[in-house]
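The values are calculated or read from the model by the stated rules, or taken from the named source; none is laboratory data. Please read all numbers here as calculations on a predicted model, not as lab measurements. Please note: Cβ atoms are built from the backbone with ideal geometry, for glycine as well, and neighbour counts cover all protein chains shown.
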Amino acid sequence: MRGRTLRHSRLDSRGGRTRRTANRTLVLAVSAAMSAGLLAGCADDGGDKSSSSGDDKGKTVVKLGLFGTFGFKEAGLFSEYEKLNPGIKIEENVTQRNENYYPALVNHLTTSAGLMDIQAVEVGNIAEVVSTQGDKLEDLSKAPGVKSSDWLDWKWQQATTKDGRTIGLGTDVGPVAICYRKDLFKEAGLPTDREELAKLWAGDWNKLIDVGEDYQKNAPKGTTFMDSPGGLMSAILGSEKVRYYDESGKVIYKTNPVVKQSFMQTARAAEDGLVGAQTQFQPDWNTTVANSKFAAIACPPWMLGTLKEHSKPEAKGKWDVAVAPKSGNWGGAFLSVPKSGKNVKEATKLAAWLTAPEQQAKLFKVQGGFPSAPATYTMPQVLDAKNEMTGDAPIGEIFAAAAKTTPVQIVGPKDQVIGSSLNDNGLVLVTKGKSPEEAWETATKTIDNNLEK
């Protein structure tokens, strides 16, 4: 997405990234003064921008605090809403990186000051907001026209408190597929048909790695099967219901076998040279995209925008999309309405309208954010969608099927911290010569230290 690259965080709950830039690591401490500046539009990342025309005299100005490119303005939704509601003027205040945006948001929620009328929350942070800041936010399940059935059940649940209050309305989701380069697969002697490939690795991420081993035997010079360790692990863990926390809220990442298994699967793929040594969304990774240095990538819908952003023109149409070994999610966000906002009633109406199925479908068609509203999956804007990077691949059908079958995932307060550390303090070490066991030990020590703070 600059697409979506500017909005998720590198390894958040899904796996995740900063909404569209990349990422990454959640900033754990930010001064109150810095926080105030971030949400007021003077972030230190140089990426904040506030939209205002100066002609709002006599109108109610509803302000949105966002991170990265959500696409509402770009898709014309703000203009459309203002025409439908002549007394409303919409402004957005954008901090490009979620790792700058989120600590500021927490600071302002804690003090109930300095908040926009609508505040976005990244999926990797939603559990923490629900559990620690839920009382500061409006119950949007009571907003006019809002029905829980308009959202994927697991998406709705992620923003719902234990006492049944829903403090965020879902925007997009990140159902995972596998994007692959048909030309590189062909050179390596692999099938290029998306359905045939999906059958080869159906039901088991190890089967995907087996295909990677076959690829590397005859790989075009200088290429790897997949782009990065972090991307592979994000996809694997994104298909698991229980990862870092259990249903009671207890941290179990070290004792949950699927977490260590996923880590080791990925680490061994890195050891064997099946994945690149780069960290996703960093400059050296961007270069591997531009120079076609990998043949496959774990691919939520927003990744198509990232590929387009960094690829050379000749890459258009050379990609295809196949169903992933297991359905999973990597990405997404929510809109919340602070109780202390200046225009709570109008903000609630706008949040509900922006996340309604009709608007989600429009947003996908123009900007690529995949809807969290299942009613859109049969709409032409989604069902018949194509992408210039992937030619005639039926991306709407593939991503919709993945979204509908993704497990309802348990997301804990520190999912983003744990996921980021498994990559940044673990898998990265494997690419530098450490053994998977040494990398796991280093990562877990770092995580435990961070969780104690």
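General remarks:
- Scanning region 277-319 for residues that are among the basic types (Lys, Arg) and more than 21 Å from the chain's Cα centre (by Cα) returns Lys293, Lys312, Lys316, Lys318.
- Sole exception among (1) within 24 Å of Trp285 (Cα to Cα); (2) without any contact (Cβ under 8 Å) to a residue 60 or more places away in the chain; (3) buried (at least 24 other Cβ atoms within 10 Å of the Cβ) for Thr166, by number: (1)
- Wholly enclosed helices (runs of 4 or more DSSP H) of region 245-343 bearing at least 1 residues in contact (Cβ under 8 Å) with a residue 12 or more places away in the chain, of a type in the set (D, E, K, R) and surrounded by fewer than 16 Cβ atoms within 10 Å (Cβ to Cβ): 257-271
- If you filter region 344-355 down to residues that are in contact with a Ser or Thr (Cβ under 9 Å, 6 or more places away or on another chain) and surrounded by fewer than 24 Cβ atoms within 10 Å (Cβ to Cβ), you find that the one that is farthest from Asn125 (Cα to Cα) is Glu346.
- Any chance Arg181 is over 16 Å from the mean Cα position of the chain (by Cα), modelled with pLDDT of 95 or more, under 24 Å from Ala375 (Cα atoms) and surrounded by fewer than 24 Cβ atoms within 10 Å (Cβ to Cβ): no
- For region 163-172, the criterion of being touching a helix residue (DSSP H, G or I) at 6+ places or on another chain (Cβ under 6 Å) and within 27 Å of Phe263 (Cβ to Cβ) is met by none of the residues.
- Region 227-275: number of residues that are among the polar types (S, T, N, Q), farther than 22 Å from Thr405 by Cβ and touching a helix residue (DSSP H, G or I) at 6+ places or on another chain (Cβ under 8 Å): 2
- Each residue in region 360-404 was checked for being hydroxyl-bearing (Ser, Thr, Tyr) and farther than 16 Å from Asp150 by Cα, and 1 of them qualify.
- Of the residues making up region 193-212, those that are in a helix (DSSP H, G or I), touching a residue at least 60 places away in the same chain (Cβ under 8 Å) and surrounded by 13 or more Cβ atoms within 10 Å (Cβ to Cβ) are Arg194, Leu197, Ala198, Trp201, Trp205, Lys207, Leu208, Ile209, Gly212.
- In region 141-156, residue surrounded by the most Cβ atoms within 10 Å (Cβ to Cβ) [restricted to those that are touching a residue at least 12 places away in the same chain (Cβ under 8 Å), in a helix (DSSP H, G or I) and in contact with a Phe, Trp or Tyr (Cβ under 9 Å, 6 or more places away or on another chain)]: Lys155
Yes/no matrix, rows are residues, columns are (1) more than 24 Å from Gln367 (Cα to Cα); (2) assigned by TED's automatic domain parsing to the domain that holds Gly412:
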| residue | (1), (2) |
| --- | --- |
| Lys147 | yes, no |
| Trp151 | no, no |
| Trp156 | no, no |
| Arg181 | no, yes |
| Leu184 | yes, yes |
| Glu187 | yes, yes |
| Thr192 | yes, yes |
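- Qualifying residue in region 210-218 (condition: charged (D, E, K, R) and within 25 Å of the chain's Cα centre (by Cα)): no
- Matching residues in region 356-408 - criterion: being within 22 Å of Ser141 (Cβ to Cβ), surrounded by fewer than 16 Cβ atoms within 10 Å (Cβ to Cβ) and over 18 Å from the mean Cα position of the chain (by Cα): Glu358
- Wholly within region 371-438, helices (runs of 4 or more DSSP H) carrying at least 3 residues that are over 18 Å from Asn125 (Cβ atoms): 380-383, 395-405
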